[in-house]
Amino acid sequence: MVSNVKRALLGFACVVLTVGLLSGCGSNNSNENQSSPSVASSETPNEVNQTSDKPATIRMFIASPEYTNAFNDSIKEYKKVKPNVTIELQITQADYPTLLKAKIAAGDLPDVFQSTAGGELKQYAEYSADLSNEPLAAALSDNAKKNMTLDDKVLGVPFKINLFSLIYNKQLFADAGISEVPKTIDQLDDAIHKLEAKGITPFANGYKEWWVQKHIFQHFLDAESDNPEQLVKDFIAGKTTFEEHPLLMKYFDFIELSVAHGLPKTLERDYGTQVADFATGKTAIMTGQGAWAEEGILKINPNIQLGIMGYPINDDPSKSMIITGADVAFRINKDSSVLQETKDFFNWLYTSDYGKVWFPDVAKIISPLEGGKMPGLQMPVAMGELLQSEKAGESSVIFSLDSFHQKFGEIMQKYIGKDITKEQAIEEIQKAWIQLGEAK
């Protein structure tokens, strides 16, 4: 009989492709065939640590299919610098935490893997190289480095500074006569009424994906507590309940509202469908996403005018916040047979002239580098303007493990599908937090 681990690995039928032939696996992302701009490199092979000129293959297993073309571009560029190094890239999104654990259990951990920051730093610490003294660590901003550090060791490479928010179509808001971005529930209800009066569906949801729920829920954690990390720890320890935190209960109200005023068959709508629903003007507000969605939206509708806003929580506008922070980490396998070559690649990407422009101009993400240039996209620009007068929430998604978040998302899918009641969902979530919330 095939073991569960082997079954999981056999189920992951992703073709490993080398430089120049990359494509996403296990994703419906609409960006995967988008061409990335090339950026000329000024580096020569002497600018990278010349540990060996023998052929070396670096295996990367990551969960960010929306950046496939950006990774492809960096790998092609590095081939010019280190022609003896081949980088094989496996990209998936669906069920990544389970697949990663299966690889670890099978003794097949790649040279580079991905995790969230925060709690998962501890979960995978025993597999992660200490990067504290690497040039890449010195190049990071303090904000990015903080979320990658455990016991004074830098155990992850932050991929980007993320932005989480509701995304709205400015033109559809204007067409509906919405002159003020809603920050309270009453204002949101009014906006919904005005949109529907114009025949516009308010919400684009992608609730077929489990991970969108963690992005939404963290806004309610931040609204509930000035110390969301401690609040999460209390849930993991079984010291508190949802009923003790009224603003967390508002999360369920929001999910119900978004389903009631969204397109039908919400559990059949994945990320790619959600992007299309929003970009084509079928809907006015996109839930559970952030800055990474902009490229896919613009590919469908280059003329769309995007706005960002926090989630309206209650009648207090200060509780409605966008969220920023470094929440995604690349981890280098400390037992990799090509450990130095892998460090060399990331040191090059995070310190070279090419790398400095790769983040904003090729990947088009908010750079984790100190003094990094901002991408010329609408959402990061709007974020910069908003933060001049408002505070951002904390990326509290990192305080729980993705194994919990996956279970959390699956529970919410049952709730949305009316297979369980709100009370049953809450009970299951609280049990999952205790069982899966932190590394044991």
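The values are calculated or read from the model by the stated rules, or taken from the named source; none is laboratory data. If you're wondering where the values come from, they're calculated on a predicted model, not measured in any experiment. All Cβ positions, even for glycine, are placed from backbone atoms using ideal geometry, and neighbour counts span all protein chains on display. Please note that ligands, DNA and RNA were not included when accessible areas were found on the heavy atoms of the full protein model with its side chains. Shrake-Rupley method; radii C 1.70, N 1.55, O 1.52, S 1.80 Å.
Of note:
- Residues that are crowded, with 24+ Cβ neighbours inside 10 Å and part of a loop (DSSP other than H, G, I, E, B), drawn from the stretch 323-337: ALA326, ASP327
- If you check GLU120, GLU66, GLU134 for being modelled with pLDDT of 95 or more and either among the charged types (D, E, K, R) or in contact with a His (Cβ under 6 Å, 6 or more places away or on another chain) (or both), only one passes: GLU134.
This table checks each residue for (1) under 26 Å from ASN169 (Cα atoms); (2) aliphatic (A, V, I, L, M); (3) assigned to a strand (DSSP E or B).
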site: THR287; (1), (2), (3): yes, no, yes
site: PRO302; (1), (2), (3): yes, no, no
site: MET321; (1), (2), (3): yes, yes, no
site: GLY355; (1), (2), (3): no, no, no
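- Considering the conditions (1) under 18 Å from the mean Cα position of the chain (by Cα); (2) at pLDDT below 95; (3) among the hydroxyl-bearing types (Ser, Thr, Tyr), SER389 is excluded by exactly one of them, (1).
- Yes/no for GLU341 being out of contact with any strand residue (DSSP E or B) (no Cβ under 7 Å at 6 or more places or on another chain) and either modelled with pLDDT of 90 or more or outside any helix (DSSP H, G or I) (or both): no
Per-residue answers, yes or no, for (1) modelled with pLDDT of 95 or more; (2) surrounded by 23 or more Cβ atoms within 10 Å (Cβ to Cβ); (3) of a type in the set (A, V, I, L, M, F, W, C); (4) outside any loop (DSSP other than H, G, I, E, B):
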| site | (1), (2), (3), (4) |
| --- | --- |
| VAL181 | yes, no, yes, no |
| ASP189 | yes, no, no, yes |
| ILE192 | yes, yes, yes, yes |
| PHE217 | yes, yes, yes, yes |
| VAL232 | yes, yes, yes, yes |
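- Identity of the residue in the stretch 97-111, closer than 30 Å to GLY272 by Cβ, open to solvent by 20 Å² or more (accessible area, probe 1.4 Å) and part of a helix (DSSP H, G or I), that ends up modelled with the lowest pLDDT: THR98
- Residues that are of a type in the set (Gly, Ala, Ser) and either more than 18 Å from the chain's Cα centre (by Cα) or open to solvent by 10 Å² or more (accessible area, probe 1.4 Å) (or both), drawn from the stretch 123-157: ALA125, SER128, ALA129, SER132, ALA137, ALA138, ALA139, SER141
- Residue count, the stretch 184-203 (criterion: closer than 24 Å to GLU394 by Cα and either touching a helix residue (DSSP H, G or I) at 6+ places or on another chain (Cβ under 6 Å) or of a type in the set (Ser, Thr, Tyr) (or both)): 1
- Among (1) at pLDDT below 95; (2) part of a helix (DSSP H, G or I) - the single one GLN114 does not satisfy: (2)
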